Amino acid sequence: MPSFDGLQPLDERHLGRLLLQARRGVDQAFRAALAPLGFGDVRVSHYSVFRSIDATGTRVSTLADRAGVTRQAMSQMVTDLAGRGYLALSRDPADGRAVIVRLTGAGRRFYDTATRVGRELEADWAKAIGPGRFRALRIGLIALIEHHDAPRVAPTARAGRP
């Protein structure tokens, strides 16, 4: 049975563990690339804010829904990023209780830089494993995500059982 880096045989490495390790590697690569560009103060947890915000501004509750986190967690990230100068906060004119979050100039520079860095990292990863394998990986991950996002039908009870 072939092994990977002298560790467990390939077919015994749990996919969830591999995905977690890959995610950590991606996060570390982003941080390592962004820090020397002046964005060392942006944490990995902050990335979900930048991925979820609209160009015209977005409510905190919408950001939380898109990122899959609680409103409280998103509010903390937004407050932190606003304090660092990446976001501007204002009351929603349609609902004074809601807060609209917008990118500042610094936030836009981070977003644009992170987008460029992301393309560069992906090009490097494609080169490392081969463009065909990288494309297949992307397609497979998208299919897996769509599978998990698909509506599920509750299993029916077997005959004679409640």
Counted residues, region 56-105 - those being under 18 Å from Arg43 (Cα atoms), aliphatic (A, V, I, L, M) and in a helix (DSSP H, G or I): 9
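Is it the case that region 92-109 has a residue that's under 18 Å from the mean Cα position of the chain (by Cα), closer than 25 Å to Arg24 by Cα and at pLDDT 95 or above?
Checked region 92-109: at least one residue is under 18 Å from the mean Cα position of the chain (by Cα), closer than 25 Å to Arg24 by Cα and at pLDDT 95 or above.
Of all residues in region 12-39, count the ones that are within 17 Å of Gly105 (Cα to Cα) and either modelled with pLDDT under 95 or among the hydrophobic types (A, V, I, L, M, F, W, C) (or both).
Keep residues of region 12-39 that are within 17 Å of Gly105 (Cα to Cα), which gives 34, 37-39.
With the extra rule that they be either modelled with pLDDT under 95 or among the hydrophobic types (A, V, I, L, M, F, W, C) (or both), the set shrinks to 34, 37, 39.
So the count comes out to 3.
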Tally, over region 63-96, of residues that are free of Cβ contacts under 8 Å to residues at least 40 places away in the same chain, of a type in the set (Ser, Thr, Tyr) and surrounded by 17 or more Cβ atoms within 10 Å (Cβ to Cβ): 1
Criterion (farther than 28 Å from Ala22 by Cα and either modelled with pLDDT of 95 or more or surrounded by 15 or more Cβ atoms within 10 Å (Cβ to Cβ) (or both)) met by exactly one of Gly57, Gly130: Gly57
Subset of region 38-57 (residues that are closer than 19 Å to Trp125 by Cβ and either touching a residue at least 60 places away in the same chain (Cβ under 8 Å) or more than 12 Å from the chain's Cα centre (by Cα) (or both)): Tyr47
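The values are calculated or read from the model by the stated rules, or taken from the named source; none is laboratory data. These numbers were taken from a predicted model, which means no experiment stands behind them. Ideal geometry is used to build each Cβ from the backbone, glycine not excepted, and the neighbour counts take in all protein chains shown.
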